[in-house]
Amino acid sequence: MQTIRNFCIIAHIDHGKSTLADRLIQRCGGVADRQFRDQLLDTMELERERGITIKSNTITLTYTAGDGQTYTLNLIDTPGHVDFSHEVRRSLMACEGAVLLVDATQGVEAQTVANVYLALEQDLEILPVINKIDMPAADADRVLEQIDADLGLDPFETLQVSAKEGTGIDELLETLVAKLPPPQGDSGAPLKALIFDAEYNAYRGVVLLVRVFEGTLRPGQMMRLMHNGAEYEVEEVGLVKLEREKQGELSAGAVGYVISGIKAVADIDIGDTITEVSRPAAEPLAGYVEAKPVVFSSIFPVSSDEYEELGKALDKLKLNDAALTFQKDSSSALGFGYRCGFLGMLHLDVVQERLSREWDLSLLLTAPSVEFHVTTADGKEHVVENPAEYPDPAAIEQVKEPYIKGSILMPDRYLGTVMELLLEKRGADTQFHYLAVGRVEVTSELPLTEVLFDFYDRLKTITQGYGSFDYELMDYRATDLVKVDILVNAERVDALAMLVHRDKARARAIHACKQLEKHIPRQNFKIAIQGAIGRDIIARRTVNAYRKDVTAKCYGGDISRKRKLLEKQKEGKKRARAFGNVEVPQEAFLAVLRSDPDDK
Amino acid sequence: MTNRLAPPGLYIHVPFCARVCPYCDFAVQTGGPRRRGDFIRLLLREIGLWSRLLRGEGSAPDRSAGQGSHQAVPSWRSEQPFDTIYLGGGTPSSLSPEVLEEILAALHGSLPIAPEVDVTLEANPEDVNTGNLRSWQRLGITTLSLGIQSFDPDALSFLGRSHTPEKAGAALRGALESSFETVSLDLIFALPGQSPMRWEADLRRAIEYGPDHISCYELTVHEGTRFARLKERGELVELAEDDKAELFLLTHRLMAENGYHAYEVSSFARGPNHRSRHNRKYWDHTAYLGFGPSAHSFDGVSRRWWNERRLPAWEAGLQRVPGASSGLGTGASGRFGQSPIAGSEILAPADLVLESLALGLRTTEGVDLERLRDLYGIDVEGENGALVASLRRDDLLVDTSPASLLVPTLRGLAVADALARSFEIPPATAS
Ligand SMILES: Nc1nc2c(ncn2[C@@H]2O[C@H](COP(=O)(O)OP(=O)(O)OP(=O)(O)O)[C@@H](O)[C@H]2O)c(=O)[nH]1
Ligand code: SF4
Ligand SMILES: [Mg+2]
């Protein structure tokens, strides 16, 4: 056990975690040269395409150190984006140490700070490492100052590497084995193993990733999940190298996988503790808090016969993505679908893209919403995140919306424009303080809704990429909320309704009407598109009736061609959804959700 | 059933043009004398095969030759003589009068042709001269259809036509001075950037000559054409829908003012006797028999079949048809076939109804739902009562006609495809 090191790599987005993982893997001979590719651990197509890590990834490496000892390194690469911070939290729980990367050109950013606090919460040993020192714009001295001032970590213990060029990797490995503590625990004690990840495998069922804290896991053992009580027989255990590597056992301190005939996603909870049935531990491992979704949207299949398929797909996604929640939903216009909860807009985006890509589903999404706390005149409290369930305004006493505490790290020259942005986003109690000469941290209390929609993009733009942002949920505060309905030919389209602050209602309604006007094809008759609060119309657009839709010529006797074309066009109509007699195509729904820069 | 009792029509597809226009998606190609000679020889063979078939000689449909369910088993149910012959293409006027005579003689000699047959020849203005005009009349051509397309020099060059406005005018004048029953001309409008004024001037010029019939086709960019490629590259920008609609309405207004009655979306005639008798057969499910590559045929009841589209495949099919005793089966495109026929289908009642709606709503005669119910056992009217009422209210269908007769208004004609699509076609009730 003294030769095991369990650590994760944490950093702000894009600071080079996955690239550093590549170097460590290569240095430890974890991959044959011909199998190697950049960001090796980012295996999802979406991750590779976008160049970001979405899921944590684990790999076991063997390293022979300068002292002649051979060490087992369990490395976990984590995602940097704030939406996926639960992945980081979960990975940290399986480790004793963390390598904290800081980009030498960007310095300490908001997620750097947030991740340090997460690691400290778990009482991990943190090893600060400056990356990208090969870059011309690298400024290691400045970053060292920030590591000292912003993070309170020791600049003298900070290493400098270039993950890209491989410089400083040996020293990093040596420091790793020297400074990070080995795991503790008694392999003879009653079993306690933490499930920190799981993935679904078509042939093997659910494959659990576990960190054994106490005792030993062996094939043949009867195991119990302590939170939900279910029992299974352990079929196989092993290490996660590039491929799974079967082992006779996993004992205290080890990180590895367990296969035990678990069939369904819904049967397990990430963060649960495994123990043995014959000799159960007294209590489960503590501290795991499940990530709670903050954004909600309903997903409907464009064609209603894909509803079942959608359910299956969500089940499978959920296996690798414990933060995703969903339950059945139905809309008078769209039929059956699922109300889903997400950690943020990137998370929503990723789920939607995986559903359409990996399961080939065409989907409609309703406007994302946060959870509101509504008190009605009868004194009852309601949690509402679905516009469809919003009570009659006449009966509402008070509405509260979630607020976050946001923190922005940036050069002080952008202070003015950032303050303006915060004002526009209804920021309260905005303050700033200098971290160093020319560098400020701005904090502000903001409605979560305002942060979810287009906040990052605009912050990035106005700070020319130098501003970084992190937030945590704070509390609920009174707000002036209204429900904006969208009407197509006087018919309310429930799936397009949204809950917004009164001050933003008009702009959002106009945006929705404009997008619908652009994307609803002309039909036999004029189509009125309206945005309304109750009976008040606040936005209005019109799609004119079509005026020309007839082919000039029928190809001699080839009437079959004409008929087949008509049949195809009729078929196309089925991919739209009808409201009254108006066909609203999928693109129209999606366009309403997109923010449009012209609207600002 | 259907129009089995109406006299059928004959169509001959001549697949040759001097050059291929950038908007054309017909089965055409360029071809020298040898190719043309081969084509004529095989065309005569195809006519001969059908002649024997119609006389009940030869093994009518050659089932053994077909493959699986896709057999084209031509059958001919009409007992009437053909009363229209349409020489189309392509550019049939580029065939010499002698060759045309040979074709017509073969038709007359081997198929039942009505004495008052209407014979249409599609002609390129460049082929029109006094000698040809005289020969064509001698051959019994009754309708001359001139592919003029435009009198606007810019439009002609954009359309890749090699004749000049002067040549077009001279051809038209010459044709009108001869004694064809009907002289018709084709025009194309809604060219990129075309203003209403410019189109009006073009159309007025055509009207001034006083032809008996004018077809005004909106430019359509068909897949696979040169224009389609230009469009994809952004080098050709079609007019917006509203502009097209404006030109369409302008066309119809101008034609009406000048005594041309619109009887179909793109067709205008100075009197009922100048309407195309042949085209009408396509529109109301009358029987027609087509010869030559890509030609389609319909038996007047429910079966439609079509020839190989490409000339070589059609030729191969005919070359492989063994001697006199054989019939026609399915050929397989690209392989050695035993027949020039590429495919066939049997139209279900719902197919026939959809076609009837699509075609009928393109004409000012409209479509009679009661007749469709009697013919096909499908009650369109019952299923679409509310729709019909709303189309009448929205001035897309004429209000005055009997309830079951759907006649499009001018605005309705402009969106006839959309009208046809909006109908729900219920299943046939066994009757
Ligand atoms: N020049 C230079 N570029 C580097 C270095 N390390 C990483 N990069 C580049 O920085 C970008 C981001 O690298 P990743 O390894 O994907 O970063 P990450 O931290 O895993 O990103 P997320 O997982 O999305 O948070 C890539 O384009 C890398 O090639 C380095 O040492 N030098
Ligand atoms: S002349 Fe007619 S058939 Fe020939 S290429 Fe031009 S448009 Fe096509
Ligand atoms: Mg990464």
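Between 0 and 90 degrees, rounded to the nearest ten: what's the tilt of helix A:17-27 against the longest Cα principal axis of chain A?
Around 40 degrees separate the two axes.
Which whole-Hz couplings ³J(HN,Hα) result when phi for each residue of region A:110-124 is put into the Karplus expression 6.51 cos²θ - 1.76 cosθ + 1.60, θ = phi - 60°, listed in order with x for Gly and Pro?
My calculation for region A:110-124 gives 4, 6, 4, 4, 4, 5, 4, 5, 4, 5, 5, 4, 8, 6, 8 Hz in order.
In terms of solvent-accessible area of protein heavy atoms at a 1.4 angstrom probe, what is the ranking of A:329, A:349, A:429, highest value first? Mind showing how you got there, number by number?
On the way: A:329 25, A:349 60, A:429 85 Å².
Reading off the accessible areas and sorting them downward yields A:429, A:349, A:329.
Non-local amide H neighbours of residue A:372 (under 5 Å, H modeled in plane, Pro and chain starts lacking H): which ones?
A:384, A:385
Which of the peptides A:440-452, A:54-66 is most tightly packed, and how do the rest follow, going by the mean number of other Cβ atoms within 10 Å of each residue? Walk me through the numbers on the way to the answer.
Values: A:440-452: 20.9, A:54-66: 19.2.
So the order, starting with the most tightly packed, is A:440-452, A:54-66.
In the structure shown, do any of A:263/A:312; A:518/A:548; A:263/A:292 have a Cα-Cα gap over 20 Å, and if so which?
Details: A:263/A:312 13 Å; A:518/A:548 18 Å; A:263/A:292 25 Å.
Pairs exceeding the cut-off: A:263/A:292.
Could you report the buried accessible area between A and B, both sides summed, computed with a 1.4 Å probe and given in Å² to the nearest 100?
Buried area (both sides, nearest 100 Å²): 3300 Å².
Give me the one-decimal nm value for the distance between modelled label points at residue A:218 and residue A:120, 7 Å along each residue's Cα-to-Cβ direction.
With each label placed 7 Å out from Cα toward Cβ, I get 4.4 nm.
Could you pull out every whole DSSP H run in chain B that spans at least 27 Å of Cα extent along its own axis and averages -0.5 or higher on the Kyte-Doolittle scale? Can you show the working numbers first?
Working: long enough: B:33-54 (31 Å, -0.16).
Span-like helices here: B:33-54.
Check which residues have an amide H placed less than 5 Å from residue A:440's amide H, if you skip close sequence neighbours.
Answer set, sorted by chain and number: A:410, A:412, A:435.
Using label points projected 7 Å from each Cα along Cα→Cβ, tell me how many nm separate residue B:129 and residue A:553, to one decimal.
2.7 nm
Excluding residues on the same chain fewer than 8 positions from residue A:316, give the aspartates and glutamates whose Cα lies under 16 Å from its Cα.
Qualifying aspartates and glutamates at Cα under 16 Å: A:197, A:199, A:267, A:269, A:306, A:308, A:353, A:358, A:360.
Tell me, what ³J(HN,Hα) does each residue in region A:28-34 have, in order and in whole Hz, if you take phi through Karplus 6.51 cos²θ - 1.76 cosθ + 1.60 with θ = phi - 60° and put x for Gly and Pro?
Karplus values, whole Hz, x for Gly and Pro: 8, x, x, 8, 6, 3, 6.
Could you give the size of the charge dipole of region A:192-276 about its Cα centre, using +1 on the Cβ of each K and R and -1 on the Cβ of each D and E, expressed in debye and rounded to the nearest 20?
For region A:192-276, the charge dipole is close to 140 debye.
Can you give the relative contact order of chain A as a percent, counting alpha carbon pairs under 8 Å and 6+ residues apart? Present the calculation step by step, with values, prior to reporting the outcome.
Details: 1274 pairs, mean separation 56.8, N = 600.
About 9 percent, as a whole number.
Work from the charge dipole of chain B (Cβ charges, +1 for Lys and Arg, -1 for Asp and Glu, about the Cα centre) and give the residue of B:195, B:164, B:260 farthest towards its positive end.
So the residue furthest toward the plus end is B:164.
Would you calculate, for chain B, the mean residue ellipticity at 222 nm contributed by helices, counting each DSSP H stretch of 4 or more residues as -39,500 (n - 2.57) and dividing by all residues, to the nearest 500? If you can, show how the numbers build up before the last one.
On the way: 16 runs with 164 residues, N = 431.
After summing the helix terms and dividing by residue count, I get -11500 deg cm²/dmol.
Evaluate the charge dipole of the protein assembly as shown about its Cα centre and quote only its size in Debye, nearest 20, assuming +1 on the Cβ of each Lys and Arg and -1 on the Cβ of each Asp and Glu. Let's see the in-between values first.
Values: 114 positive and 149 negative charges, 906 e Å.
Here the size comes out at about 4360 debye.
Give the residue list of GluC sites (Glu not before Pro) in region A:131-205 that are DSSP loop and have at most 15 other beta-carbon atoms within 10 angstrom.
Qualifying residues, ordered by number: A:165.
Counting each DSSP H run of 4 or more residues in chain A as -39500 (n - 2.57), what helix-only mean residue ellipticity at 222 nm follows after dividing by all residues, to the nearest 500 deg cm²/dmol? Write out the running numbers ahead of the final one.
Details: 14 runs with 151 residues, N = 600.
Roughly -7500 deg cm²/dmol at 222 nm, from the helical runs in chain A.
Return the average number of partner chain Cβ atoms within 10 angstrom of each residue Cβ along peptide B:356-362. Each step should come with its number before you reach the end.
Numbers: counts 1, 2, 8, 4, 0, 1, 4.
Mean shielding count: 3.
Return the aspartates and glutamates within reach of residue A:504: Cα separation strictly under 17 angstrom, same-chain partners fewer than 8 residues apart disregarded; answer none if there are no such residues.
Reachable aspartates and glutamates: A:401, A:420, A:424, A:450, A:454, A:480, A:485, A:536, A:596, A:598, A:599.
Could you compute the net charge surrounding residue B:105? Neighbours are other residues with a C-beta less than 13 Å from the C-beta of residue B:105; K and R count +1, D and E count -1.
Details: positive: B:138; negative: B:98, B:101, B:102.
Local net charge: -2.
Which Cα, out of A:226, B:99, A:175, lies furthest along the positive dipole direction of the protein assembly as shown (beta carbon charges, K/R +1, D/E -1)?
Going by the Cα projections, it comes out as B:99.
Using Cα atoms only, what is the angle between the long axis of helix A:169-179 and the major principal axis of chain A, expressed in degrees (0 to 90) to the nearest 10?
70 degrees
Quick one: dipole size for chain B, taken about the Cα centre, charges +1 on Lys/Arg Cβ and -1 on Asp/Glu Cβ, in debye to the nearest 20. Before the final figure, lay out the partial values.
Details: 43 positive and 55 negative charges, 288 e Å.
Roughly 1380 debye for chain B.
Rounded to whole Hz and in sequence order, give me ³J(HN,Hα) for region B:297-305 from the Karplus expression 6.51 cos²θ - 1.76 cosθ + 1.60, θ = phi - 60°, writing x for Gly and Pro.
3J(HN,Hα) across region B:297-305, in whole Hz: 9, 9, 8, x, 10, 8, 9, 10, 9.
Would you mind calculating the relative contact order of chain B from Cα pairs under 8 angstrom and at least 6 residues apart, reporting the percent as a whole number? Can you show the working numbers first?
Numbers: 834 pairs, mean separation 78.5, N = 431.
The value is 18 percent.
Could you compute the net charge surrounding residue B:21? Neighbours are other residues with a C-beta less than 9 Å from the C-beta of residue B:21; K and R count +1, D and E count -1. Provide the component values of the computation, followed by the final result.
Values: positive: B:19, B:161, B:226; negative: none.
Around residue B:21, the surrounding residues sum to +3.
Pull up all non-local amide H partners of residue B:303: gap of 5 or more, or a different chain, and H-to-H distance under 5 Å with H placed in the peptide plane.
B:347
So what's the angle, to the nearest 10 degrees on a 0 to 90 scale, between helix A:502-519 and the longest Cα principal axis of chain A?
Value to nearest ten degrees: 70.
So if R0 is 45 Å, what FRET efficiency would residue A:178 and residue A:358 give, r being the distance between their Cβ atoms, rounded to the nearest 0.05? Numbers along the way, then the final one.
Values: r = 43 Å, r/R0 = 0.95.
In this case the efficiency is close to 0.55.
Taking the Cβ of residue A:349 as the centre, find all other residues whose Cβ is under 14 Å away and add up their charges (Lys, Arg: +1; Asp, Glu: -1). Walk me through the intermediate numbers first.
Details: positive: A:50, A:354, A:357, A:594; negative: A:47, A:49, A:83, A:321, A:353, A:454, A:457.
Its environment carries a net charge of -3.
In the protein assembly as shown, carbon and sulfur make up what percent of the accessible area (probe 1.4 Å)?
Numbers: 20610 of 42700 Å².
Its accessible area is 48 percent carbon and sulfur atoms.
Per-residue accessible area for residue A:139 at 1.4 Å probe radius, Å² rounded to 10?
Here the residue's solvent-accessible area equals roughly 60 Å².
Could you tell me which residue out of A:337, A:322, A:365 lies farthest along the dipole of region A:295-365 toward its positive end? Charges go on the beta carbon: Lys and Arg +1, Asp and Glu -1, centred on the Cα centre.
The listed residue farthest towards the positive side: A:322.
Within 10 Å of each candidate Cβ there may be at most 10 other Cβ atoms; applying that plus a DSSP loop requirement, which GluC sites (Glu not before Pro) in region B:232-294 survive? Walk me through the numbers on the way to the answer.
Numbers: sites: B:232, B:235, B:238, B:241, B:246, B:257, B:264; in loops: B:235, B:238.
Sites meeting the loop and neighbour criteria: B:235.
Over 31 Å between Cα atoms: which of A:318/A:564; A:405/A:514; A:328/A:400; A:55/A:132 fall into that group? Spell out each step's value before the answer.
Values: A:318/A:564 42 Å; A:405/A:514 33 Å; A:328/A:400 26 Å; A:55/A:132 23 Å.
Long pairs (Cα-Cα over 31 Å): A:318/A:564; A:405/A:514.
With a 1.4 Å probe and all protein chains kept in place, how much accessible area does residue A:345 have, in Å² rounded to the nearest 10?
Counting only protein heavy atoms, the figure is 60 Å².
Report the FRET efficiency, 1/(1 + (r/R0)^6), for residue A:243 and residue B:231, where r is their Cβ-Cβ distance and R0 is 56 Å, rounded to 0.05. Numbers along the way, then the final one.
Numbers: r = 51 Å, r/R0 = 0.91.
So the FRET efficiency works out to roughly 0.65.
The values are calculated or read from the model by the stated rules, or taken from the named source; none is laboratory data. This is a predicted model, so every value here is computed, not measured. Glycine also receives a Cβ, built like all others from the backbone with ideal geometry; neighbour counts cover every protein chain displayed. The accessibility values were calculated without ligands, DNA or RNA, using every heavy atom of the protein model including side chains. Shrake-Rupley method; radii C 1.70, N 1.55, O 1.52, S 1.80 Å.
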